[in-house]
Amino acid sequence: MPSSAPAASPEVLPAAQGSGRLGRIDAAVHLGFAVLMVASVVRYVMRHSPQDNLLVLGLAAAACALYAVIAVLAQRRRPWAVWMFALVAAWALLVISAPSFAWCSFALFFLCRTAFTGAVAYVAAGATAAATAVGLFRLSDGTDLAMLLGPLAVGVMLTLIYDRIEHDAAEQRRLHAEVSLAQGQLAASERRAGTIAERERVSREIHDTVTQGLASSLLLLEAANRAWPGPTSRQDLRQASELLRHNLSDTRSLVHELASPGLDASPLPDALLQAASQYVPDARLLVTGEPRPVPAEVRHALLRVVQSAAANIKLHASAANATVTLGFLPDAVTLDIYDDGAGFDPAATAPPSDAGGYGLRAMRQRVEQLGGAFSVESTPGEGTIVAAQLPVRGEE
C-alpha cells in the first residue's frame with residue numbers, strides 16, 4: 001500500500017522540492033500507484049474476455065491520465081481540485097465495473113484528503129471507499145457482507161488516522177510558530193538590553209570624565225574670578241586649564257573607545273594618584289600588599305572610581321586631606337578613598353537628576369558589574385570613605 005499522497009499536494013510541494021527525503025517519498029508514491037495499476041490491469045485482462053476489456057481499460061487509461069495531470073499541476077503549484085473531482089468519478093466507475101482495481105483505492109483515498117479540506121475531503125474520501133465497497137460486494141455476487149463492510153471500515157480507520165496526523169502536524173506548526181516568536185522577542189529583548197547597557201556605560205564614562213572635569217573647572221574659574229587680581233587667581237586659572245586640557249584628552253579617548261593614554265601608560269598606583277591629583281592636588285597614596293598587574297577592565301574601573309570620588313571631594317567635601325589606599329590581596333584588589341571633609345548621609349542622597357547625583361550610582365555599577373563590592377561610609381561632619389573590592393584571578 002502506498003503512503004499518503006502529499007506528492008500531489010500544492011501545500012507540501014515546496015517542502016518536497018527543498019528536501020531530498022520528501023522528493024524520494026513523492027517518487028515512491030507515484031511508483032507504487034503505477035505498480036498497482038499495472039498489476040490490476042494484468043489481473044483483469046487475464047480473467048476477462050477481450051470484449052469486456054475495452055470499457056474497463058478505457059476507464060483505467062482515463063484514471064491514469066487524470067492522475068498524471070494532477071501530479072503535473074501539483075508539481076507546478078497550479079489549481080487541480082476540479083481535476084480531482086473528475087478522477088474520483090472515473091475511479092468510482094472503474095472500481096464498480098472492475099473490482100480488480102480496488103487496491104489502488106488507497107492511493108486515491110489519501111489523494112482526496114490532500115486535495116480537499118473540511119467536509120469536501122470527507123465526502124470525496126467516503127465516495128472512494130463506498131465505490132470500492134460496492135465493487136467488491138458486486139464481485140462476491142452480493143453474498144459476502146465482509147466485502148461490503150470491509151472497505152467502509154478501513155475508510156473510517158484511515159480517516160481517523162489521517163485526522164490525527166493532521167492534528168499533530170498543525171500542533172507542531174503552532175508550537176514552531178510560538179518558538180520562533182519567542183526567539184524573536186528574546187532577540188529583540190537582548191538588543192534592547194544591550195542598548196540600555198551601552199547607554200549606561202557611556203553615561204558613566206561621560207560623568208566620570210567630562211562632567212566631573214567641567215564641574216571642577218567651573219569651580220576653579222569662579223574662584224579665580226572672585227580672587228582676581230589676587231595672587232591665588234593665577235593658580236586657580238592654571239589648574240582649571242589643566243583640568244580642561246585633561247578633559248579634552250578624556251573626551252577624545254572616549255570617542256575612540258580608548259582609555260586615557262596618560263593613565264594607562266603608568267603603573268596602577270601612579271595612575272591612581274594622578275587621577276586623584278587632577279581634582280585634589282594634595283591627595284596621598286598608600287599601597288598595601290605586593291603590587292602586580294591587574295586585568296584591563298579592573299584597572300579601568302579603579303581609575304574611574306578614583307576620578308569620580310576625587311571630583312566629589314573637590315565639589316562637595318571641602319576636605320583638608322584626602323588619602324587613596326590601594327591594597328593587593330591574593331585574589332582581589334581593594335580601593336579606599338578617604339577624606340576628612342563635610343561628609344553626608346548616604347541614606348538621604350538625592351536620586352540622579354539633571355542637576356547631578358550620578359556619581360555614586362555609576363561607581364557602584366562599575367564595581368558590581370565586575371563581580372566586586374562597593375560601599376560608602378559617611379557621617380555629616382566626619383568625612384567619607386568610598387570603598388571598593390574587585391576580584392582578580394590568580395593567574396592575572
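Restricted to region 131-155, and to residues that are touching a residue at least 24 places away in the same chain (Cβ under 8 Å) and out of contact with any Pro (no Cβ under 6 Å at 6 or more places or on another chain), which residue is farthest from Trp103 (Cα to Cα)? Out of the qualifying residues, it is Arg138. Within region 380-394, being in contact with a helix residue (DSSP H, G or I) (Cβ under 9 Å, 6 or more places away or on another chain) and under 22 Å from Ala319 (Cβ atoms) holds for Gly383, Thr384, Val386, Ala388. Checked against the criterion of being open to solvent by less than 30 Å² (accessible area, probe 1.4 Å) and either modelled with pLDDT of 90 or more or within 29 Å of Leu244 (Cα to Cα) (or both), the candidates Ala276, Ala350, Ala355 yield just one match: Ala276. Does Ala265 satisfy being open to solvent by 80 Å² or more (accessible area, probe 1.4 Å), small (Gly, Ala, Ser) and at pLDDT below 65? Considered against the rule, which asks whether it is open to solvent by 80 Å² or more (accessible area, probe 1.4 Å), small (Gly, Ala, Ser) and at pLDDT below 65, Ala265 comes out as yes. Of all residues in region 283-331, exactly one satisfies the criterion of being among the hydroxyl-bearing types (Ser, Thr, Tyr) and closer than 14 Å to Gly359 by Cα, namely Ser308. Scanning region 299-334 for residues that are of a type in the set (Val, Ile, Thr) and surrounded by fewer than 22 Cβ atoms within 10 Å (Cβ to Cβ) gives Thr323, Thr325, Thr334. Scanning region 135-148 for residues that are under 20 Å from Cys104 (Cβ atoms) and open to solvent by 70 Å² or more (accessible area, probe 1.4 Å) gives Arg138, Leu139.
Filtered by the rule that a residue be surrounded by 14 or more Cβ atoms within 10 Å (Cβ to Cβ) and assigned to a helix (DSSP H, G or I), region 280-298 gives a lone residue, Val298. Please verify whether region 67-80 includes one or more residues that are surrounded by 21 or more Cβ atoms within 10 Å (Cβ to Cβ) and polar (S, T, N, Q). No.
Residue-by-condition table, conditions (1) modelled with pLDDT under 80; (2) more than 29 Å from Ala169 (Cα to Cα); (3) in a helix (DSSP H, G or I):
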residue	(1), (2), (3)
Met46	no, yes, yes
Ala61	no, yes, yes
Ala71	yes, no, yes
Arg77	yes, no, no
Val88	no, no, yes
Leu111	yes, no, yes
Val120	yes, no, yes
Val123	no, no, yes
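For region 48-59, a residue qualifies if it is assigned to a helix (DSSP H, G or I) and either in contact (Cβ under 8 Å) with a residue 40 or more places away in the chain or open to solvent by less than 50 Å² (accessible area, probe 1.4 Å) (or both), and the qualifying residues are Asn53, Leu55, Val56, Gly58, Leu59.
For region 154-163, the criterion of being surrounded by 13 or more Cβ atoms within 10 Å (Cβ to Cβ), closer than 28 Å to Gly58 by Cβ and over 39 Å from the mean Cα position of the chain (by Cα) is met by at least one residue.
Is it the case that some residue within region 121-129 is without any contact (Cβ under 8 Å) to a residue 12 or more places away in the chain, touching a Lys or Arg at 6+ places or on another chain (Cβ under 8 Å) and either open to solvent by 40 Å² or more (accessible area, probe 1.4 Å) or among the aliphatic types (A, V, I, L, M) (or both)? Spell out how you get there, then give the answer.
At the first step, the residues of region 121-129 found to be without any contact (Cβ under 8 Å) to a residue 12 or more places away in the chain are 121, 123.
Keeping just the survivors that are touching a Lys or Arg at 6+ places or on another chain (Cβ under 8 Å) gives 121.
With the extra rule that they be either open to solvent by 40 Å² or more (accessible area, probe 1.4 Å) or among the aliphatic types (A, V, I, L, M) (or both), the set shrinks to 121.
Yes, region 121-129 contains at least one residue that is without any contact (Cβ under 8 Å) to a residue 12 or more places away in the chain, touching a Lys or Arg at 6+ places or on another chain (Cβ under 8 Å) and either open to solvent by 40 Å² or more (accessible area, probe 1.4 Å) or among the aliphatic types (A, V, I, L, M) (or both).
The values are calculated or read from the model by the stated rules, or taken from the named source; none is laboratory data. Since the model is a prediction, treat every value here as computed from it, not as a measurement. Backbone-built Cβ (ideal geometry, glycine too); neighbour counts: all protein chains shown. Just so you know, the surface numbers come from the protein's heavy atoms only, side chains and all, with ligands and any DNA or RNA stripped out. Shrake-Rupley method; radii C 1.70, N 1.55, O 1.52, S 1.80 Å.
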